[in-house]
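**Q** One structure, pasted below without further comment.
The values are calculated or read from the model by the stated rules, or taken from the named source; none is laboratory data. If you're wondering where the values come from, they're calculated on a predicted model, not measured in any experiment. Reconstructed Cβ throughout: ideal geometry from the backbone, glycine too, with neighbour counts over all protein chains shown. The protein model used for the area step is the full one, side chains on, heavy atoms only, and it has no ligands, DNA or RNA in it. Shrake-Rupley method; radii C 1.70, N 1.55, O 1.52, S 1.80 Å.
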Amino acid sequence: MQPVSVSNTWNSNGHLQRPIHKIYFILLFVASLTGIGIASGSASVPVPPGSPSPFISNYLTKTAVAIFTAEYVATGVVFLAIFVQRIDIPSLEKRLLVCVAVCAPFVIVRLVYGLLAAFSEDLKFNLLIGNTTIYFILSVLAEIIAVGISVVVGLSLPKTLEPDTRKQTGA
């Protein structure tokens, strides 16, 4: 597989551009699909005998949450690799980096809630019978804030005009 950028090159600012290989993004995509598939299949797993509650997460749910956590960490590594090279990013696109950095704490709060819901046997973090205030603040509100920030930043970016690469024909 070829990297996103062709090779390690020096840019006009004298900084070394480090490529991020496409395989890395493909692996993140496959991990995401795997986590979604496992999480979807976990609903059909029967409650094991001797379980203290039928509402405790099963092994498939825990596996899916672990995959999503690993994927979030890997995505953070990609963000840091891009952040190190931020001097080479056009100024308007730097707003996207700031957006990711501002949204990250809210996504981390949501991730921690998911970890607590999956791995903690404390039923107040349970999605079905748990405390609705905890669920609202740690899950719903965190997601609404992160999505709201992303939408506002995304819609406020100016549309970039792509040069017309079609061949001009005289008619």
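**Q** Under a 5 Å amide H to amide H cut-off, with H placed in plane at 1.01 Å, what residues pair with residue 21 once short-range neighbours are removed?
**A** 4
**Q** With every protein chain left in place, what is the accessible area per residue of region 66-128 in square angstrom, probe 1.4 Å? Please report the intermediate quantities before stating the final value.
**A** On the way: 3790 Å² over 63 residues.
That works out to 60 Å² per residue.
**Q** Tell me the label-point distance for the pair residue 149, residue 95, using the 7 Å Cα-to-Cβ offset, in nm and rounded to one decimal.
**A** With each label point 7 Å from Cα toward Cβ, the separation is 1.6 nm.
**Q** Next up: Determine, from the Cβ-Cβ distance of residue 134 and residue 82 and an R0 of 22 Å, the FRET efficiency 1/(1 + (r/R0)^6), rounded to the nearest 0.05.
**A** For R0 = 22 Å, the calculated efficiency reads 0.05.
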